[in-house]
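Down below is the structure, laid out as structure tokens.
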Amino acid sequence: MRSTRARAIVAMGAAALVAVGGGAGLASADPVATGTASSFAVSANLTDQALIPPTPTASVTAPPFGEDQDNTAVPIDASPLALDGTLIATAAVHQASDLPSTLGQPASAQSVEGPYNARAVGAVESLDVLIQDSVPGGQLLHAEAVTAEAVAVCKAGQVQYSASSEVVNLQIAGQDPLSGPLDDLVTQISEALNATPLVDVVDIDVNVVTQDANGASVDALVVTLLAAAGDPPLATLRIGHAEVSGVGCGGPATQCSDTQDNDGDGKVDAADPGCHTDGNADNASSYDPTDASEAEGTQCSDAKDNDGDGKVDAADPGCHTDGNANNASSFDPTDASEADPQSALPKTAETSGALPATGTSVATGAAAALALGGLALYGVRRRLT
């Protein structure tokens, strides 16, 4: 695990942008099979107490590939701390790479080119941070916008992560707005703090990025307030947090993940009952993006070994009306089940009504009754499968 931190008190180099699994400019993006994206707008601890839990939060884990999360919170008053503004948290994991970056400043651009398969954003618009009795005048921070974004994309079968953030027109204790590239902003924040009584009691980190092989995260602003220089932290604020992790690259898109209406029923992918294991398009948990066919209820044409007998579709006797996988004319691709009809009689007897030669004589009437019974059982089982 590595953590990259751009500090206000000790200025470091350029903004930390990370990529895992290779650089941008590889082959076109691939679909993903798994992934998690989560974010929150703000959190705060006052001494050892959780004054403001992560608020609001958004989290998406796929599969299934369902709805995106988008949550907004009203200003928070947790005296002696108050945060004003529009607090936003969003999270999305898509099988297709169709998520653009939300960052607007070129200097804050992600190191991995989009669009992306997974994206998390924690943001605050029109931010005001007030801390009574700890900051002269109560006004600590103001910013037009604070945005943290973490992303992931699959390219050429490899997952790539990136995380970055931006702060627009930041004011510290009423000082003139600070903005621009993050590495320049670090110096500006340090100079602004030096010009206020906060110089010895406030530490501000920007664009705090953490990465490992499984993901990336970022905090846009981390504000540490000290009772006095060298004392333990009195309060810690995290403003704008986003992370993505666990993204697994899938294979070529199937009919149930290619954004096409393959079976012509006017429904696409997750909206198509044929892409759900239970046939219910309203059940997000039953959506199977790996399903090879949008056709509804057709195990005999979905390119899968549904009954586990090692035979698929036309090669499975259960998909033939006569149970003979060598008879191409008896293949029924609309059959809802690959399961072979079970009967004490072989298929030839079930379809013709003739009894097999057993070496034992059976009265004609009994033979007919047995044959009819076999047909009746066969019919019931075909309806139930």
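The values are calculated or read from the model by the stated rules, or taken from the named source; none is laboratory data. Quick caveat, the model's predicted, so the values are computed rather than measured. No Cβ is skipped: glycine too gets one built from the backbone with ideal geometry, and neighbour counts run over all protein chains shown. When the accessible area is computed, the model is the full protein with side chains, heavy atoms only, and any ligands, DNA or RNA have been set aside. Shrake-Rupley method; radii C 1.70, N 1.55, O 1.52, S 1.80 Å.
Within the range 67-104, if we keep just the residues that are of a type in the set (D, E, K, R) and touching a residue at least 40 places away in the same chain (Cβ under 8 Å), the residue that is farthest from residue 158 (Cα to Cα) turns out to be 84.
Checked against (1) at pLDDT below 55; (2) of a type outside the set (Asp, Glu); (3) within 30 Å of residue 258 (Cα to Cα), residue 337 passes all but a single condition, namely (1).
If the condition is being more than 17 Å from residue 89 (Cβ to Cβ) and either open to solvent by 10 Å² or more (accessible area, probe 1.4 Å) or not in a strand (DSSP E or B) (or both), then the range 138-166 contributes 138, 139, 142, 144, 155, 156, 157, 158, 159.
Does residue 135 fit the bill of being at pLDDT 95 or above, of a type in the set (A, V, I, L, M) and open to solvent by less than 70 Å² (accessible area, probe 1.4 Å)? Considered against the rule, which asks whether it is at pLDDT 95 or above, of a type in the set (A, V, I, L, M) and open to solvent by less than 70 Å² (accessible area, probe 1.4 Å), residue 135 comes out as no. Of the listed requirements (1) in a strand (DSSP E or B); (2) acidic (Asp, Glu); (3) modelled with pLDDT under 90, residue 125 misses just one: (3).
Here are some residues: 102, 61, 72. Which one is open to solvent by 10 Å² or more (accessible area, probe 1.4 Å), assigned to a loop (DSSP other than H, G, I, E, B) and β-branched (Val, Ile, Thr)? Reasoning before the result, please.
Numbers: 61 fails: assigned to a loop (DSSP other than H, G, I, E, B); 72 fails: assigned to a loop (DSSP other than H, G, I, E, B).
After applying the criteria, what remains is 102.
Out of everything in the range 204-228 that is under 25 Å from residue 160 (Cβ atoms) and part of a loop (DSSP other than H, G, I, E, B), what residue ends up being modelled with the highest pLDDT? Selected residue: 214. For the range 247-271, a residue qualifies if it is touching a strand residue (DSSP E or B) at 6+ places or on another chain (Cβ under 9 Å) and of a type in the set (D, E, K, R), and exactly one does: 269. Do we find a residue being more than 51 Å from the chain's Cα centre (by Cα), modelled with pLDDT under 75 and surrounded by fewer than 16 Cβ atoms within 10 Å (Cβ to Cβ) anywhere in the range 294-313? No - not one qualifying residue is present in the range 294-313. Report, by residue number, each residue of the range 240-276 that is touching a residue at least 60 places away in the same chain (Cβ under 8 Å) and among the small types (Gly, Ala, Ser). Listed by number, the residues that qualify are 240, 242, 245, 246, 248, 250, 251, 253, 257, 270.
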